[in-house]
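Working notes for the structure below.
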Amino acid sequence: MSSIEIDRVSKRFGPVEVISELSLRIESGEFIAFLGASGCGKTTLLRMIAGLETINSGEIRIGGERVDHLPPGARGVAMVFQHYALYPHMTIYDNMAFGLRNIGAARPLIDQRVQQAAKILEIEPLLARKPGQLSGGQRQRVAIGRALVKDPKAFLFDEPLSNLDAALRVRTRVELARLHQQTRATTIFVTHDQVEAMTLAGRIVVMNNRKIEQIGTPMEIYGRPASEFVARFVGSPAMNFLPVSVAGQGGRALLALASGAQLQTNIALEDLPSGEPMRLGIRAEAIRLDSEGSLPGKVEVVERLGDRTHLHVRLADDSTLIAEDVGHSRAAPGDSVNLRIDPDQAHLFDAQGRGYRAAAEARS
Amino acid sequence: MAHAQKIVGRRAGDRVILGAVIFLAFLWVVPVLWVLILSFKANSELMLSTGSAFRLPYTLKNYADILASSGVFRWFFNSVVVASLNTLATLILASLAGYGFARTEFPFKNVIFVLVLLGLAIPEQAVIIARHQMFTDWKMHNTYLALILPGLSNAFGVFLMTQYFRSIPMDIDEAAMLDNASRFKIFWRVLLPLTIPAQATLGIFTFLACWNDYLWPLISATKPEMFTLTVGIASTQTNFAQSEGLGFLMAQAVFAGLPVFIVYLFFQRYIIQAVAGAAIR
Ligand SMILES: Nc1ncnc2c1ncn2[C@@H]1O[C@H](COP(=O)(O)OP(=O)(O)O)[C@@H](O)[C@H]1O
Ligand SMILES: [Mg+2]
């Protein structure tokens, strides 16, 4: 297994720059997810690592060795394509053996590797079949198997779950996690689905607009989004945003909401830009029903998820937000309620979308 | 209820279509059967009345006469050689050109592709005199090469194979690249096997067209030993074939069509796909 370093890499398609001066270090054995909206350049970045796309500037190193001038086959990485890209006319066995045969591996070694991978992926009974005779989920396993037999320096996955139905997607997700725990292989996993990124990755690279928006563990990304983009992209339901004006109170930001309510936070005032309009970002789980709460509103929609309930509440200033209640919520549409916001979970975003949080030690 | 009615309605529609198809097939098969029956009748009997076709006796004499005519086996052999080599060479060239247009970049690619397509619009008759002159200058008439070469500039073949290669997802090439396959190996081991349906379509059409070709072999091959079957058989017909040798004429038609019929039997599935336009995919 090898580390992967991406050093100030840029990529243009004609006049359009899709990756701009991007740098990133992926540790050996790490499972990292590239997360971002469709069209933000995730696939392009992955293909540049694989060697399927040239780079316009910068360097890519795998295991310390510079590879950006090498053809794909010489880089020692394996890729699992979004549409699997199995060889339709070859048997499953031959699909998996093809790469090893091309490097002149000995027949017993090929056989041993293929059998072993087939066993791990539970596709042994399928080895004599052709891809056309397999279901989507089975093809997916074969595609993973084809990568596995090569014992690559890194695995590259491009949205591998997007063609599976919902139930199979969840199951395959768990299997990928298990597989990574077994193999400890360096893995890059491209997805636009924040749940996949959150559940699978050790670290998430959130990409937006040609650049890396934030890199962090799933809980860092979720709990301390560096920007409004990240905050909106990660978490379901999406974070609530409310315009606020900021006043000082003992060095801590005191927020005045448009509806008149006030919220004392632990966010250091000195960190904040002065005189700019700010937005409060707050997740549903940080907003609770509380008869003493300072934020009155009217319930419009009640969404029951079983273990919890999402309440869509209209505030006095006509803005809406989503609050979370227990599974057996007694709220009903039309109810007047009072909400309480947990100030420790408040985020502030400035006009540029930069995020501010209370320092971890300030919250006790 | 509504659903059941719809099915019944569809069945009725199917029956109308089936009836029409049977009718058309009947229209088509009547002359073929007529040719077949006449070919088994003695010429002298047919001279009196073609109505005798439905009466005994029948005879194999016309076929015996064909086989007895000195050149026929040679012509048959010539046709097999010319049609087979032409087909093989066309498949090789069209596959290579199709791969080139679909998967590589080179200067003026699009211009050249358009030029190839323009070739589709030029009828053979428009260039055949110039071509004849060219082969005369090269002193190549009455050779197999002269019969084969002109067919190799097969614009339709290049177009078909280009489209077919384009329909294969680039992912497949890329997966093979990551599997350390060379460009040749990707062409030969990964992509070419996937084009077999298109190869079959192109191969059948090319073979049939070449087998049935008459004009070019007629003017290029002037020595009887270089005749193809179509030209050779036509050369044995007398001026009064229609009136004096009708049975013989019909037997010749059956004989010349036989290989085509056999090819059809073997490749029926591909031909039907090709005609239905389903071969590409
Ligand atoms: N071969 C190409 N030629 C031109 N533009 C491309 C090409 N590949 C991708 N792009 C463009 O680059 C941007 C990033 O694409 P991609 O990496 O596929 O995004 P993602 O995988 O995040 O959805 C998109 O705007 C896309 O249109
Ligand atoms: Mg993509």
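Looking at (1) away from chain B (no Cβ under 12 Å); (2) touching a strand residue (DSSP E or B) at 6+ places or on another chain (Cβ under 7 Å); (3) not aromatic (F, W, Y); (4) not in a helix (DSSP H, G or I), find the lone condition where A:A128 falls short.
A:A128 satisfies all of (1) away from chain B (no Cβ under 12 Å); (2) touching a strand residue (DSSP E or B) at 6+ places or on another chain (Cβ under 7 Å); (3) not aromatic (F, W, Y); (4) not in a helix (DSSP H, G or I) except (2).
Sort through A:I215, A:I204, A:I188 and tell me the only one that's farther than 30 Å from A:Y87 by Cα and surrounded by 22 or more Cβ atoms within 10 Å (Cβ to Cβ).
A:I204
What number of residues in the range A:15-69 are away from ligand 2 (no atom under 13 Å from the Cβ), in a loop (DSSP other than H, G, I, E, B) and open to solvent by less than 60 Å² (accessible area, probe 1.4 Å)?
Looking only at that region, the number is 8.
Only one of A:I267, A:I322, A:I341, A:I287 is outside the structural domain of A:A226 (by TED's automatic domain parsing), touching a strand residue (DSSP E or B) at 6+ places or on another chain (Cβ under 6 Å) and at pLDDT below 90. Can you tell me which?
Exactly one of A:I267, A:I322, A:I341, A:I287 is outside the structural domain of A:A226 (by TED's automatic domain parsing), touching a strand residue (DSSP E or B) at 6+ places or on another chain (Cβ under 6 Å) and at pLDDT below 90, namely A:I267.
Checking A:A85 against (1) in a loop (DSSP other than H, G, I, E, B); (2) at the interface with chain B (Cβ under 8 Å from one of its Cβ atoms); (3) in contact (Cβ under 8 Å) with a residue 60 or more places away in the chain; (4) within 15 Å of ligand 2 (Cβ to nearest atom): exactly one of these is not met. Which one?
(3)
Tell me the residue from A:V195, A:V205 that is out of contact with any helix residue (DSSP H, G or I) (no Cβ under 8 Å at 6 or more places or on another chain) and within 19 Å of A:R47 (Cβ to Cβ), please.
A:V205
Please list, ordered by first then second residue, the pairs with beta carbon atoms under 9 Å, 6 or more apart or interchain, first in the range A:96-120 and free of Cβ contacts under 8 Å to residues at least 40 places away in the same chain and within 13 Å of another protein chain (Cβ to nearest Cβ), second open to solvent by 30 Å² or more (accessible area, probe 1.4 Å) and part of a helix (DSSP H, G or I).
Taking only residues 6 or more apart or on different chains, the pairs are A:R101/A:D94; A:R101/A:R107; A:N102/B:K185; A:A105/A:R113; A:I110/A:R101.
Based on this model, can you work out whether A:A50 counts as closer than 26 Å to A:V195 by Cβ, more than 13 Å from ligand 1 (Cβ to nearest atom) and within 14 Å of chain B (Cβ to nearest Cβ)?
Taking the combined requirement at face value, the residue does not satisfy it.
Just for the range A:70-82: of the residues that are part of a loop (DSSP other than H, G, I, E, B) and buried (at least 18 other Cβ atoms within 10 Å of the Cβ), which one is farthest from the other protein chains (Cβ to nearest Cβ)?
Only one residue tops the list, namely A:G76.
Taking only pairs six or more apart or across chains, which ones have beta-carbon atoms under 7 Å, a first residue in the range B:174-188 that is more than 7 Å from chain A (Cβ to nearest Cβ), and a second residue that is of a type in the set (S, T, Y) and open to solvent by 10 Å² or more (accessible area, probe 1.4 Å)?
Correct list of pairs: B:F187/B:Y99.
Within the range A:53-69, how many residues turn out to be of a type in the set (V, I, T) and within 14 Å of another protein chain (Cβ to nearest Cβ)?
3
The values are calculated or read from the model by the stated rules, or taken from the named source; none is laboratory data. Owing to the predicted nature of the structure, the values given are computational and were not obtained by experimental measurement. Cβ sites come from the backbone with ideal geometry, for glycine too, and all protein chains shown count toward neighbours. Heavy atoms of the whole protein, side chains included, go into the accessibility calculation; ligands, DNA and RNA do not. Shrake-Rupley method; radii C 1.70, N 1.55, O 1.52, S 1.80 Å.
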